[in-house]
Amino acid sequence: MYRLIACDMDETLLNRDHQISARDIESIRKLTASGVKFVIATGRPYNSVFNDLKVLDLYEKEDEYVISFNGSVLTENRHNRILSYQGLSFETASLLYRIGVENGVCIHVYTIDTVYVYNYIPEERAYIEGRMNNVETFEKTLDFLKDVPIIKVLFMNLNMDILHRLEAVVRAQAEELSISYSSNRYLEFNTLGIDKGYGLSKLAALLNIPIEETIAVGDNINDLPMIKAAGLGIAVRNATPQVLAGCDEVLKATNNDDPLTEIRERFF
């Protein structure tokens, strides 16, 4: 019996219109009504999923949870109570920022409440505008955030070859980090050992749910740690080759075809 589902958002639960389908909303409501925990697991901040939680009747609910910032933060939905937090050191975040600036990529710097975006190119503005609390910055160093806890940093570029090259640059200069990719446009940096798999395992332990009784579903590299950690790891049909190869089950559904409805019908 599965008691918890951890589900990625972008390109997994959200369809091409960045919405949860009506069928999946109904399926998730039926699952939660039966006692199954439905947990959004996202690389984004937890405050970016409030509208989705409202649609699912999970907003401000006690004993319901979100895994955010790629596992760096666990929150209970009631009052957004932080249960676990793991951020980057300022020195590491500053080094990543410098590398991004020197290489001319778009950079996101995540604090608990705000995402600061450097080199906010039109393609990225169109992609994320309105989905997160973003502040554009033109600062060449990260000194303006020296006294603010920083959770993660990412580089954005539509050319994945550039991001792969920058991964090598970062690995040569920075202390060990958890490094992943998402949305076929992001190279993401978290504290070593922190990823969605860590977040899922941590939450399951806090809730006294055996990891064997969890499901994780996703589409991209940053989802793979939780897909491997879960009792049942599921990929949507549109997942990357690495995720398709690393999961237990592949859905017939893409993110545009009610994937959570297929999960409810097949596994519950």
**Report entry** Residue among Glu139, Glu176, Glu167 that alone is closer than 30 Å to Tyr65 by Cβ, over 16 Å from the mean Cα position of the chain (by Cα) and touching a residue at least 12 places away in the same chain (Cβ under 8 Å)
**Finding:** Glu176
Report summary line: Within the range 217-252, restricting to residues that are in contact with a Ser or Thr (Cβ under 6 Å, 6 or more places away or on another chain) and within 18 Å of Glu188 (Cβ to Cβ), the one that is surrounded by the fewest Cβ atoms within 10 Å (Cβ to Cβ) is Ala229
Query - Single residue of the range 1-25 satisfying the filter (surrounded by fewer than 18 Cβ atoms within 10 Å (Cβ to Cβ) and among the hydrophobic types (A, V, I, L, M, F, W, C)) that is modelled with the lowest pLDDT - result: Met1
Report task. Examine the range 203-213 for a residue that is in a helix (DSSP H, G or I) and of a type in the set (S, T, N, Q), and state whether such a residue exists. Result -> no
Requested in this report: Take the range 32-59 and flag every residue that is free of Cβ contacts under 8 Å to residues at least 40 places away in the same chain, closer than 23 Å to Ser201 by Cβ and part of a helix (DSSP H, G or I).
Outcome: Thr32, Tyr46, Leu53
Query - All positions within the range 37-54 that are crowded, with 17+ Cβ neighbours inside 10 Å and not aromatic (Phe, Trp, Tyr) - result: Lys37, Val39, Ile40, Ala41, Thr42, Gly43, Arg44, Pro45, Ser48, Val49, Asp52, Leu53
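Rundown of residues vs (1) within 30 Å of Ala93 (Cβ to Cβ); (2) without any contact (Cβ under 8 Å) to a residue 24 or more places away in the chain; (3) touching a Leu at 6+ places or on another chain (Cβ under 7 Å), yes/no style:
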site: Arg185; (1), (2), (3): yes, no, yes
site: Ala216; (1), (2), (3): yes, no, yes
site: Ala229; (1), (2), (3): yes, no, yes
site: Arg237; (1), (2), (3): no, yes, yes
site: Pro241; (1), (2), (3): no, yes, no
site: Leu244; (1), (2), (3): no, yes, no
site: Phe268; (1), (2), (3): no, no, yes
Report task. Scan the range 67-78 and give yes if some residue there is touching a strand residue (DSSP E or B) at 6+ places or on another chain (Cβ under 6 Å), surrounded by fewer than 21 Cβ atoms within 10 Å (Cβ to Cβ) and over 21 Å from Leu14 (Cβ atoms), otherwise no. Result -> yes
Query raised in the report: Taking Met160, is it surrounded by 20 or more Cβ atoms within 10 Å (Cβ to Cβ) and either within 24 Å of Leu14 (Cβ to Cβ) or in contact (Cβ under 8 Å) with a residue 40 or more places away in the chain (or both)?
Result: no
Requested in this report: Kindly indicate whether any position in the range 23-31 is assigned to a loop (DSSP other than H, G, I, E, B) and either free of Cβ contacts under 8 Å to residues at least 24 places away in the same chain or closer than 24 Å to Gly231 by Cβ (or both).
Outcome: no
Query raised in the report: Here is a list of conditions, (1) touching a residue at least 24 places away in the same chain (Cβ under 8 Å); (2) buried (at least 17 other Cβ atoms within 10 Å of the Cβ); (3) touching a Ser or Thr at 6+ places or on another chain (Cβ under 6 Å), and Leu96 meets all of them except one; can you say which number that is?
Result: (3)
Query - Of all residues in the range 99-135 being in contact (Cβ under 8 Å) with a residue 12 or more places away in the chain and among the charged types (D, E, K, R), the one that is surrounded by the most Cβ atoms within 10 Å (Cβ to Cβ) - result: Glu124
Query raised in the report: With respect to Asp63, is the statement that it is closer than 25 Å to Ala253 by Cβ and out of contact with any Pro (no Cβ under 8 Å at 6 or more places or on another chain) true?
Result: no
Report summary line: When (1) surrounded by 23 or more Cβ atoms within 10 Å (Cβ to Cβ); (2) out of contact with any helix residue (DSSP H, G or I) (no Cβ under 6 Å at 6 or more places or on another chain); (3) aliphatic (A, V, I, L, M) are applied to Leu206, the one that fails is (1)
Query raised in the report: Taking the condition among the charged types (D, E, K, R) and within 16 Å of Leu74 (Cβ to Cβ), does Lys228 pass?
Result: no
Query raised in the report: Among the strands (runs of 3 or more DSSP E) contained in the range 63-162, which hold 3 or more residues that are at pLDDT 95 or above and closer than 24 Å to Ala6 by Cβ?
Result: 65-68, 73-76, 81-85, 152-156
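The values are calculated or read from the model by the stated rules, or taken from the named source; none is laboratory data. Bear in mind that the values here come from a model prediction, so they are computed numbers and not experimental data. Positions of Cβ are backbone-derived with ideal geometry, glycine not excepted, and every protein chain shown enters the neighbour counts.
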